[in-house]
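S.K.: Sharing a structure here in structure tokens format.
The values are calculated or read from the model by the stated rules, or taken from the named source; none is laboratory data. What you see is a predicted model; the values in this text were computed from it and never measured. FYI the Cβ positions are ideal-geometry reconstructions off the backbone, even for glycines, and counts take in every protein chain you see.
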Amino acid sequence: MNDTSLWLIFVLIGLATTLPRASFIVLGNRVQLPPVLQRALRYAPAAALAAIVAPDLLVVNGSVDVINAKLGGGIAAVAAALLSRNPWLPFIVGMAVLLGLRQLGG
């Protein structure tokens, strides 16, 4: 692979990631997305957060482990968030459960 083709790949990848994002800003309100797509995009932030958090909660030492301290802390944090409107409580409960399970598990 020569330098020209490498730079061409860089430019194409840059355009492929920038153009879809910029289209929403450049087009603004002139183009309306279909209602089905608008409804689907409401779940994008939650899906992105789940895609970041779930592997960290489930993977321990490179393999999936469904019984671990991080998952217990995550479940406790979600339960605290569902049961209380206090924004600090899920953090405190999740960390307390995580630290407690780590102390118990060694």
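S.K.: I'm trying to understand the selection: among the residues of the range 1-31, which are outside any helix (DSSP H, G or I) and modelled with pLDDT under 85? Reasoning before the result, please.
M.R.: Keep residues of the range 1-31 that are outside any helix (DSSP H, G or I), which gives 1-2, 31.
Scanning the range 1-31 gives 1, 31.
S.K.: On to the next question. How many residues does the range 76-91 hold that are touching a residue at least 12 places away in the same chain (Cβ under 8 Å) and either over 19 Å from residue 49 (Cα atoms) or surrounded by fewer than 14 Cβ atoms within 10 Å (Cβ to Cβ) (or both)? Before you say what the answer is, go through the steps one by one.
M.R.: Residues of the range 76-91 that are touching a residue at least 12 places away in the same chain (Cβ under 8 Å), as a first pass: 76-80, 90-91.
Then keep just the ones that are either over 19 Å from residue 49 (Cα atoms) or surrounded by fewer than 14 Cβ atoms within 10 Å (Cβ to Cβ) (or both); that gives 78, 91.
Adding up the residues that qualify gives 2.
Residues checked against (1) surrounded by 10 or more Cβ atoms within 10 Å (Cβ to Cβ); (2) touching a His at 6+ places or on another chain (Cβ under 6 Å); (3) assigned by TED's automatic domain parsing to the domain that holds residue 92:
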site	(1), (2), (3)
4	no, no, no
14	yes, no, no
18	yes, no, no
38	yes, no, no
48	yes, no, yes
61	no, no, yes
69	yes, no, yes
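S.K.: In the set 101, 58, 37, 83, which member is under 30 Å from residue 20 (Cβ atoms) and either more than 19 Å from the chain's Cα centre (by Cα) or acidic (Asp, Glu) (or both)?
M.R.: On the way: 101 fails: under 30 Å from residue 20 (Cβ atoms); 58 fails: either more than 19 Å from the chain's Cα centre (by Cα) or acidic (Asp, Glu) (or both); 83 fails: under 30 Å from residue 20 (Cβ atoms).
Answer to the selection: 37.
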